[in-house]
Amino acid sequence: MSIFTPTNQKRLTNVSVVRMKKAGKRFEIACYPNKVKPWRNKIETDIDEVLQTHNVFINVSKGQIAKSDELKKAFGTDKHSDICMEILSKGEMQVTEKERHAQLEESFRDIATIVADKCVNPDTKRPYTVTMIEKSMRDVHYSVKPTKSTKQQALDVIRKLRETDTINVARAQMRVKVTAPRREAGKIRPKLRKLASKVEEEQFEDELEMVILVDPGCYREIDSLLQSETKGKGSLEILSLKDVEEGDEKL
């Protein structure tokens, strides 16, 4: 005896589901695993590589395709392809455990990459490799927080590594050149010296010229100081974003 399967049911396996609730109903689309994020980031451009089918479902796992009147009521149209695009762009992505693990691993490496780019060994002034930072993050049992940006977490990691003896890290210093008119130099110089981690050069003839190393977080403070004290007559020039020993930088 044959088993009857309703024609509006299309069962799919190994899918990433994106959901959207509208007009009191939940609508879903079936996507290929690990393809939604690249599409939203404009890395993947072929929609057929993202959508498993250009159908809108009430329930993907049960294969229940949404009815035409339900779609018109919620979206003002029953064109599945158009509705798929809206759900793909604005819907809530449901990820499998395997996808979630892959995303966490990717974020973990992204965080380590940012830390390696921002930090150096303060004793040698040489940068660390991403692999060394990853190992240190695992040694301090750092866990990725999906709700925070990788940049925020990189700053958290730097703080955590500084608090432990796992690895000796310090923010790479910026080298900047500051010039200011002679009249305001007396007020500005002690403030600059306080903000600088090191004064490399200083000249005071017709105007004040200083080359200093500063923490990147102080850049805006120095810029604001110059603007307010010199009324725009001073200048701030970045000579290098990172003060590191030559030879270890990789292009």
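The values are calculated or read from the model by the stated rules, or taken from the named source; none is laboratory data. All values derive from a computational prediction rather than experimental measurement. Backbone-built Cβ (ideal geometry, glycine too); neighbour counts: all protein chains shown. These accessible areas exclude ligands, DNA and RNA; they are computed on the full protein's heavy atoms, side chains included. Shrake-Rupley method; radii C 1.70, N 1.55, O 1.52, S 1.80 Å.
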Point to revise | Crossing angle, helix 219-230 versus the chain [Cα axis fit, 0-90 degrees, rounded to tens] | key: 50
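Given a 1.4 angstrom probe, what's the average accessible area per residue across the chain, in square angstrom? All intermediate terms of the calculation are to be shown ahead of the outcome.
Details: 15670 Å² over 251 residues.
Computed with neighbouring chains in place, this is 62 Å² per residue.
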Exercise for review: Any chance you could check the Cα centroid distance between segment 158-174 and segment 211-228 for me, in angstrom?
Suggested key: 22
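Using only the heavy atoms of the protein chains and a 1.4 Å probe, how would Tyr142, Tyr219 rank by accessible area, largest first?
On the way: Tyr142 25, Tyr219 65 Å².
So the residues, ranked largest to smallest area, are Tyr219, Tyr142.
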**Study point:** Farthest toward positive dipole pole in segment 1-146 [+1 Lys/Arg, -1 Asp/Glu at C-beta], among Pro33, Met85, Cys119
**Key:** Met85
Study note, to complete from the structure: Computed over the chain: longest principal axis from alpha-carbon atoms vs helix 80-90 long axis, angle to nearest 10 degrees, is 30
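How big, on average over all directions, is the shadow cast by the Cα convex hull of segment 132-191, in nm²?
On the way: hull surface 26.6 nm².
Over all viewing directions, segment 132-191 projects a mean Cα-hull area of 6.6 nm².
Please grab the % of Cα pairs in the chain that end up more than 29 Å from each other.
Values: 17567 of 31375 pairs.
Roughly 56 percent, rounded to a whole number.
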Revision key, fill the gap. So the angle from the long Cα axis of helix 97-118 to the longest Cα principal axis of the chain, reported in degrees to the nearest 10, equals 10
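Please list the equivalent ellipsoid semi-axes of segment 124-251, computed as the square roots of five times the alpha-carbon gyration tensor eigenvalues, in descending order and whole angstrom. Provide the component values of the computation, followed by the final result.
Working: eigenvalues 247, 54, 27 Å².
The three semi-axes for segment 124-251 are 35, 16, 12 Å.
If you take every residue apart from Pro190 with its C-beta less than 15 Å away from the C-beta of Pro190, what net charge results, scoring Lys and Arg +1 and Asp and Glu -1?
Working: positive: Lys187, Arg189, Lys191, Arg193, Lys194; negative: Glu184, Glu202, Glu221, Glu229.
My count for the surroundings of Pro190 gives +1.
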Study note, to complete from the structure: Once amide hydrogens are built 1.01 Å from N within the peptide plane, the residues lying 5 or more places from Glu200 or on another chain with amide H under 5 Å from its amide H are Val211, Ile212, Leu213
Exercise for review: Within the chain, what's the longest run with no GluC sites (Glu not before Pro) in a DSSP loop and at most 10 other beta-carbon atoms within 10 Å? Give the range, please.
Suggested key: 1-204
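What size of dipole, in debye to the nearest 20, comes out for segment 27-165 about its Cα centre when the only charges are +1 on Lys and Arg C-beta atoms and -1 on Asp and Glu C-beta atoms?
Working: 24 positive and 23 negative charges, 97 e Å.
It works out to roughly 460 debye.
Under unit Cβ charges (Lys, Arg +1; Asp, Glu -1), what dipole magnitude, rounded to 20 debye, does the chain have relative to its Cα centre?
Details: 47 positive and 41 negative charges, 274 e Å.
Dipole of the chain, to the nearest 20 debye: 1320 debye.
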Revision key, fill the gap. The correct pair for segment 63-160, radius of gyration to one decimal and Dmax as a whole number, both in Å and from Cα atoms, is 21.2, 69
Study note, to complete from the structure: The percentage of the accessible area of the chain (probe 1.4 Å, all protein chains present) made up of carbon and sulfur atoms, to the nearest whole number, is 48
